[in-house]
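The values are calculated or read from the model by the stated rules, or taken from the named source; none is laboratory data. Given the structure is predicted, the values throughout are model-derived calculations rather than measurements. When we count neighbours, we look across all protein chains shown, and the Cβ atoms used for this are built from the backbone with ideal geometry, even at glycine.
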Amino acid sequence: MKSIIRIGNAGGFWGDDLNAFRRQLMGGPLDYISIDFLAEITMSILRKQQLKNSQAGYVTDFIHIINQNAEEIHRRGVKVLTNAGGMNPLECGRQVARILKEKNLPLKVAVVLGDNIMSDIMRMKEEGVSFRNMETGKSFEDVENKIQSANAYIGMWPLVKALEMGADIVIAGRVTDTSITMAPMAYEFGWQPGDFDKIAAALVAGHIIECGAQASGGNYTDWKKVTNWKNMAYPIIEVEPDGSFVVTRHPNTGGLVNSDTVREQLFYEMGNPAAYISPDVVADFRTIQLEEQGTDRVRVYGVKGSAPTPFLKVSMAFQEGYVSSGSVIISAPEALLKAQTFASIFWDRLGLEFQKKNTNYQGYNSCHLDLAAPIDPNEILLTFSIYDEDLKKHEIFAKSIAPLILSGPPGVAVTGGRPHIKTVLSYWPALIPKEKVTAQTVLLNWQGDPIEETRIPSITGVEEPFVEPNDNTQQFATEGIPIPFDGKNRVKLYQICLARSGDKGDTANIGLLARSPAIYKWIKQHITASFVKYLFKGVCHGKVTRYELDNLLGLNFLLEESLDGGGTRSLMADPQGKTFAQALLNVEVDIPDDLLSKD
């Protein structure tokens, strides 16, 4: 058993920096590199590609990465794990195997299959699986005939098996984002399915580095502290057999690693911190402890975990109408007034009713909406968007924007041409019993053909129905109440807090992190669920839930029904709530005179 293993992340989404892999590979010693490409939206895009070409459906960028770096991977003895297989991991594996053959490199490739349950849906329904939407509660019958893809989130054990089979490159489809980081730990240290605390620590480690540079200075609230944005660092973890680990980065790279960059990432896309659920364990984020150990080194320890649930999450994509959007640029003087006039003219002339429509005043308030301060912008990118299942309405819409140029107020410029009509593949999450899914780990030869296959049943977890834990610190709000100002010491929340926001479907989360214990005590009392509901009343149409994490000096807010349906269906300028944290930090509050000076 190794005393320590080093795992580096080289990507947090499809479209991330393709040079990050090379920087991780060449920047210093690593045992493993993990690359996360997938999101619900990504799977929808890959499915669209596969529908046009049955051999497509995987992330082609990964093939480029392997082609450019295969010799160095072999020379350095680094193993690579990724979910680049998307909708078609076997074909992705074949393409990698062929590259290795051309280069005459003796690296072994394994793929993980079994997440695609599309062909099993009817059988599972007959066996009693409801596929009810786990977020909205809607019946599956509403979309059953429109389903285009269905993939279960598989855990880490099939990837562990791939490493046991001698694989140097492991390619999976819809495994959880953290699994590609967790698997090397379990493999190297011989962890077993019942080692819940260690596996929970691995889950936390995977969560910290799964989003690439977000843990090493990217999207950091105190971004001005990052003195080098070139050669941007991607995070590395140094893991010990007991599950404790250090978050760090290669020397001579950009970015920054400190307790705040790690804290912010821990809050990213967090739900109930008492129950961060994965197929392999349920982690309690309230037990996480952080300790800075010098420059760019943060130790994470103390994580507690419990038995996993008996279910797997299934991500489905179903065809649901079309979206179109088009823009014009409006210039000063009186850019806002002219833009509002143009919007009124456009919708009145169009004279059609749509299932959804939206007007974005980009440059004025398209991201922060009602929270934006009044300004007099020099120009506005005026964007019109519609969603509807009637294709003819989209065709009329697409032809109606250009006439604004010569038949409205002055100072309008053309951008982008006629809108393109896009088919919407919407997201449908559901839960299924684990025993319904059996993963396969397949070792490939140089031709990309299977030479060894192992079937791995899902570890079913506890038999009792899982109930999310709660405590008396949780707050729920369906109505908003403002904080009264007393006029004593007004500051923006940014001066006393950090924040990070993310999304899960139509729910946005905002993590608000205090800059000191004294500030945390104050925000626990004053930044309530009802106050956040009040602030985001223009966009949040559901309830707001607040969770407290004393160990991380932070509050986690879940804003339900706040992303216009989320993903590909949303017409918002920010359909994933990425700017919500900045909107909250920009809010002014009154604090005690001495609060800023306290540690």
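Listed values, structure above:
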{"read-out": "Near pairs, Cβ below 7 angstrom, 6+ apart or cross-chain, from the stretch 94-108 (assigned by TED's automatic domain parsing to the domain that holds residue 71) to any residue that is buried (at least 16 other Cβ atoms within 10 Å of the Cβ) and at pLDDT below 95", "value": "94/448; 97/446; 97/448; 98/448; 100/446; 101/446"}
{"read-out": "Selection status of residue 483, surrounded by 12 or more Cβ atoms within 10 Å (Cβ to Cβ) and in a loop (DSSP other than H, G, I, E, B)", "value": "yes"}
{"read-out": "Per-region count, the stretch 151-186, residues within 14 Å of residue 281 (Cβ to Cβ) and assigned to a loop (DSSP other than H, G, I, E, B)", "value": "5"}
{"read-out": "Residue in the stretch 223-246 that is buried (at least 22 other Cβ atoms within 10 Å of the Cβ) and of a type in the set (D, E, K, R) present", "value": "no"}
{"read-out": "Residue match in the stretch 556-568 (condition: assigned by TED's automatic domain parsing to the domain that holds residue 479 and more than 30 Å from residue 321 (Cβ to Cβ))", "value": "yes"}
{"read-out": "Residue check, residue 498 in a strand (DSSP E or B), within 27 Å of residue 172 (Cβ to Cβ) and touching a Lys or Arg at 6+ places or on another chain (Cβ under 8 Å)", "value": "no"}
{"read-out": "Some residue of the stretch 40-57 being closer than 25 Å to residue 185 by Cβ and assigned to a loop (DSSP other than H, G, I, E, B)", "value": "no"}
{"read-out": "Among the candidates 352, 337, residue that is surrounded by fewer than 20 Cβ atoms within 10 Å (Cβ to Cβ), touching a helix residue (DSSP H, G or I) at 6+ places or on another chain (Cβ under 7 Å) and outside any strand (DSSP E or B)", "value": "352"}
{"read-out": "From the options 258, 252, residue that is modelled with pLDDT under 95, surrounded by fewer than 21 Cβ atoms within 10 Å (Cβ to Cβ) and not acidic (Asp, Glu)", "value": "252"}
{"read-out": "Residue, nearest to residue 88 (Cα to Cα), within the stretch 170-203, restricted to residues that are of a type in the set (A, V, I, L, M, F, W, C) and surrounded by fewer than 24 Cβ atoms within 10 Å (Cβ to Cβ)", "value": "186"}
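Yes or no, residue by residue, for (1) in contact (Cβ under 8 Å) with a residue 40 or more places away in the chain; (2) in a loop (DSSP other than H, G, I, E, B); (3) within 30 Å of residue 356 (Cβ to Cβ):
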site	(1), (2), (3)
491	yes, no, no
532	yes, no, yes
548	yes, no, no
563	yes, yes, yes
581	yes, no, yes
584	yes, no, yes
593	yes, yes, no
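Yes or no, residue by residue, for (1) assigned by TED's automatic domain parsing to the domain that holds residue 80; (2) assigned to a loop (DSSP other than H, G, I, E, B); (3) farther than 26 Å from residue 493 by Cβ; (4) not basic (Lys, Arg):
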position	(1), (2), (3), (4)
206	yes, no, yes, yes
219	yes, yes, no, yes
238	yes, no, yes, yes
243	yes, yes, yes, yes
246	yes, no, yes, yes
